[in-house]
Structure formats: structure tokens, C-alpha cells
Amino acid sequence: MVHLRNWFTYDPFDPLSKAYKSLSAVTGYHHQVAVKMNRESSPNGSADDLWLSQHRMCDSQFTFMGMMTIFPAVFGFNHFTSEDFAAMFHFWRVIGHCLGIEDRFNLCSGSDDEVIDLCRTVYRKEFLPKLDSLAIGLEMSRSIALGFQQMNPFVNYQ
């Protein structure tokens, strides 16, 4: 949450800003995790088995803005105008770029209508099928609760 606040508040291109430093740190975390997971899960080092590929970065981008894009009223964004959505898409396009997502994989590259259509496709083909698995949902819930415990010790998975 601190990283998100910094991204929304400060200039991501100013090397002295909190946003720039945060994005650099997150990029470093991603790199460390990718190296470890790729080494442990892909003994041959095959590029086909990368854990943090451009595709997965795009999927991660979806988790931050995809659902509110395709279901704005459900997530409390029913008063968003087309200009508000354009600003949000621009913001996440920039953040994706700063985190190393190539433009051709950046969920928010393209026109606003293209971003909305792509979010619908990601939801239908990648996100929705995974929600059908109870085990994944339970693990995701447990991970979210554990993450929020760091900010609020009263949050409990049970």
C-alpha cells in the first residue's frame, strides 16, 4: 500500500522522488523473485518456463485495475467519466512501463476501448477460470490476510 501511495503521489521519473525509489525497489523484488523461482522450477533454465514473464506482468497489472475497468459500478467507480478512465489507463501504462513491461505487453497500451476490451479478454480467459478453483481462492485469501496483517495485526484469516 505504501508503494501504491508513492506511485500515485510522486513523480515516477524523478530519481529523487519516493515513486522512483519505490518503483526501483519493486523492480528489484520482482527480479530477485524471478531469478529464484526460475532457478528452482526450471532446472534447464528454459525461457518457456519463466515465472515472471511479460505475460504474467500484464496479468498482475490486471489485478490492480482490470476489475474496476470492466465492473466500475460494482467497485464503486460508477461516477467515473471517460476522462477519469483515460487518466487511470495512462497512470497504469506509465507504472507498467516503469516496472519493465514492454509496450506490446502493457495492458494499458492502446486506445481506451482497446484497454477495456483487453481487460474483458483477460478476465474471461485467464482470471475467471482461476476463480473456479476453490484451492486457489483459499490460498489467495490467506495470502491477502497475511499481507494486511503487516499493517493491521487484528486482521486474521480465520
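The values are calculated or read from the model by the stated rules, or taken from the named source; none is laboratory data. Worth saying up front: this structure is predicted, and the values here are computed from it rather than measured. Note: ideal-geometry Cβ built from the backbone for every residue, glycine included; neighbour counts use all protein chains shown. Quick note on the areas: whole protein, heavy atoms, side chains included, nothing else; ligands and nucleic acids left out. Shrake-Rupley method; radii C 1.70, N 1.55, O 1.52, S 1.80 Å.
Note on region 108-125: among residues that are at pLDDT below 95 and in contact with a Phe, Trp or Tyr (Cβ under 8 Å, 6 or more places away or on another chain), the one that is nearest to ILE70 (Cα to Cα) is TYR123.
Checked against (1) touching a residue at least 24 places away in the same chain (Cβ under 8 Å); (2) surrounded by fewer than 18 Cβ atoms within 10 Å (Cβ to Cβ), VAL115 meets all criteria but (2).
Being among the aliphatic types (A, V, I, L, M) and either over 22 Å from MET151 (Cα atoms) or open to solvent by 30 Å² or more (accessible area, probe 1.4 Å) (or both) is the filter here; which residues of region 1-24 pass it? Give the steps one after another, and end with the answer.
In the first step, residues of region 1-24 are kept if they are among the aliphatic types (A, V, I, L, M); the result is 1-2, 4, 16, 19, 23.
Correct list: MET1, VAL2, LEU4, LEU16.
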